[in-house]
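*Asks:* The structure follows.
The values are calculated or read from the model by the stated rules, or taken from the named source; none is laboratory data. As the structure is a computational prediction, the values presented were derived from the model and not from experiment. Positions of Cβ are backbone-derived with ideal geometry, glycine not excepted, and every protein chain shown enters the neighbour counts.
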Amino acid sequence: MRLLKPIHMGDAAQVIRICAQWLKEDLGFRVVEYRIGNAFTGSIDILAVDAVRVYLITVNTGRLSDALMEALTGYRWFLENREFLDRVYHTDEISLLGPPTLLLLSPDFPPEIHSILLQGLKMEFRLFRYIVTGTEDDPDLYVEELAAHGLTESAGEMDLDKIRRDLGIEAAGLEDEEIRDFLRSMRAG
Amino acid sequence: MKDRPKLGRGLRDVSPFFLSEASLPEQQHGEIPFPAPPERTVCVCHPSSVLIQSFFTANLALELARHRHGVQVWDYAMPDEHRVTALMHSLLEGQGPEQDGHARIMLYGLPRITIRDGRAEGCFTGGGDADADPGAVDGEAGNCILVNARPHPDFILQSSPADDSIILTGTGELSLLQCYAHIKVIRGKTPGARIWIAFDGQREVRDDRSVFERLSGFAGQRLDCQVGFLGTLVHDESVERSFREEKPLVLFAGQSAAKEALSGICTRFIEGLHLPGQGEGS
């Protein structure tokens, strides 16, 4: 029996590589490039696409506030340079002209992060909490999505039956509106 | 001369009660001026982690015993390595279940703890059957049946009602939704039951009180029920050591953040046992 306790990875690049592997295997993303940009232009830890969207991914390995600033700066830089970047990376399977989504992976988030970002950002974003366990030489990654941006507005499109099934709470008899109200209430801060 | 009751009692009168473990003969029970403490059934569930649920149950059992409660654990957890007996294995008398299928723990000076394997039954059907272990429930402060639940609403619906339910939950939205669903099921089945929440944090949850207030506020508004907050479990090295050594964390010497948090949660719950339940007055 073993508790999988989090470890601190000193090598940020390795954490990013592990997260990229997860993005490919679990979310089906195609990774286009790593570590684009710099401290002045903002940086994107992982640039990835799927069939429709472009994903600008920042992996927080330090302070969340620094990572968030880096992600937002990188997002602006990407929008200003996306045609050029598309010419550089464009293939039959890769287009950087799709709608962009900001992804932020972090070991921890404050409870109010949703209401803060919902109020403050116009862009589409998704938040993931990750934990690295095992050892630095043989790490394991566990990732949990907090919630997708816009879920409140698009609550009617949520697959609530799937949520009920995934959580095993069918027997509780929660109404659709009750679930939506609950999620809104938890995000209200 | 009128026959008056004696003002004092001789050793012969008091010894059957105070000087031995045996209770008074049946005909003398009426003379005890205070009632026996009530037996309480406490259901523990963690919808996201059976391992942490059993870890919590094992430690709560010891803390209840330390507070002079007799404890009988009914263990419905699966798989085997996530059961209470596995997490307390180093303490078991005879290192495992005895012929009657019960495992027992006897620590010096504490009421005995009995752990009963409930997996074959599927759901908790009450503690008053003939297979129960009367020697295990000898607590001076009242007896507790701890139900280490199968963490699913169906288990709650099919089981006998518990007086208190402790729900351990993460603080992500979906974990909280899962927790709310359990609150609703418990509230619907047993309106008078008391419900307690403890957060399970990989690291300390910032602003956990605010998260709890949102959850309890919503439950209060929708389900007209009050929910008590016990605190936040913390994970650190000592928790893993507890698993490795198959020994509950509260028995380890020295302090750790996890042990401090766990002890605080257990203490708040045990103090709360003496408070009135839902609908029993404030």
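*Asks:* Out of the residues in the stretch A:30-54 that are over 12 Å from A:T73 (Cα atoms) and small (G, A, S), state the one that is surrounded by the most Cβ atoms within 10 Å (Cβ to Cβ).
*Replies:* Going through the qualifying residues, I end up with A:A48.
*Asks:* To continue, here is another question. How many of the residues in the stretch B:60-98 are within 14 Å of chain A (Cβ to nearest Cβ) and closer than 11 Å to B:L146 by Cβ?
*Replies:* Here the count works out to 1.
*Asks:* Here's another thing I want to ask about it. Suppose we filter A:S115, A:S43 for residues that are in contact (Cβ under 8 Å) with a residue 12 or more places away in the chain and either more than 28 Å from A:D137 (Cα to Cα) or in contact with a Lys or Arg (Cβ under 6 Å, 6 or more places away or on another chain) (or both); which single one remains?
*Replies:* One residue alone meets the criteria, A:S115.
*Asks:* While we're on this one: Those residues that are at pLDDT below 85 and either of a type in the set (V, I, T) or outside any helix (DSSP H, G or I) (or both), I need them from the stretch A:1-27; list them, please.
*Replies:* Hits for the stretch A:1-27 are A:M1, A:R2, A:L3, A:L4, A:K5, A:P6, A:I7, A:H8, A:M9, A:G10, A:D11.
*Asks:* Return the residue satisfying two criteria in turn: it lies in the stretch B:223-242 and is touching a helix residue (DSSP H, G or I) at 6+ places or on another chain (Cβ under 7 Å) and outside any strand (DSSP E or B), and of such residues it is modelled with the highest pLDDT.
*Replies:* Of everything passing the filter in the stretch B:223-242, B:L223 is modelled with the highest pLDDT.
*Asks:* Residue check, B:R214 against (1) at pLDDT 85 or above; (2) surrounded by fewer than 23 Cβ atoms within 10 Å (Cβ to Cβ); (3) assigned to a loop (DSSP other than H, G, I, E, B), all met but one. Which one?
*Replies:* In the conditions (1) at pLDDT 85 or above; (2) surrounded by fewer than 23 Cβ atoms within 10 Å (Cβ to Cβ); (3) assigned to a loop (DSSP other than H, G, I, E, B), B:R214 misses (3) alone.
*Asks:* Something else now. Could you look through the stretch B:229-259, keep only residues that are under 20 Å from B:A65 (Cβ atoms) and charged (D, E, K, R), and pick out the one that is nearest to the other protein chains (Cβ to nearest Cβ)?
*Replies:* B:E246
*Asks:* Answer with yes or no whether B:L174 is at pLDDT 80 or above, in contact with a helix residue (DSSP H, G or I) (Cβ under 8 Å, 6 or more places away or on another chain), within 14 Å of chain A (Cβ to nearest Cβ) and outside any loop (DSSP other than H, G, I, E, B).
*Replies:* On the way: at pLDDT 80 or above: yes; in contact with a helix residue (DSSP H, G or I) (Cβ under 8 Å, 6 or more places away or on another chain): yes; within 14 Å of chain A (Cβ to nearest Cβ): yes; outside any loop (DSSP other than H, G, I, E, B): yes.
Spelling it out, B:L174 is indeed at pLDDT 80 or above, in contact with a helix residue (DSSP H, G or I) (Cβ under 8 Å, 6 or more places away or on another chain), within 14 Å of chain A (Cβ to nearest Cβ) and outside any loop (DSSP other than H, G, I, E, B).
*Asks:* Another question, if that's okay. Contact list please: Cβ distance under 8 Å, first residue in the stretch B:147-175 and touching a residue at least 40 places away in the same chain (Cβ under 8 Å) and over 26 Å from A:E145 (Cβ atoms), second residue of a type in the set (S, T, N, Q) and in a loop (DSSP other than H, G, I, E, B), pairs at least six apart or on different chains.
*Replies:* Pairs found: B:V147/B:S159; B:A149/B:S159; B:S159/B:T125; B:S160/B:T125; B:P161/B:T190; B:A162/B:T190.
*Asks:* Can you tell which of A:L146, A:L151, A:L174 is part of a loop (DSSP other than H, G, I, E, B) and modelled with pLDDT under 85? Step through it out loud before you land on a result.
*Replies:* Working: A:L146 fails: part of a loop (DSSP other than H, G, I, E, B); A:L174 fails: modelled with pLDDT under 85.
Going through A:L146, A:L151, A:L174 in turn, the sole match is A:L151.
*Asks:* I would also like to ask the following. Only residues that are aliphatic (A, V, I, L, M), out of contact with any helix residue (DSSP H, G or I) (no Cβ under 9 Å at 6 or more places or on another chain) and assigned to a helix (DSSP H, G or I): list them for the stretch A:51-90, please.
*Replies:* A:A67, A:M69, A:A71, A:L72, A:L79, A:V88, listed by residue number.
*Asks:* Moving on. I need every pair where a residue in the stretch B:227-243 that is without any contact (Cβ under 8 Å) to a residue 12 or more places away in the chain has its Cβ under 8 Å from the Cβ of a residue that is surrounded by fewer than 23 Cβ atoms within 10 Å (Cβ to Cβ) and assigned to a helix (DSSP H, G or I), sequence separation at least 6 or different chains.
*Replies:* none
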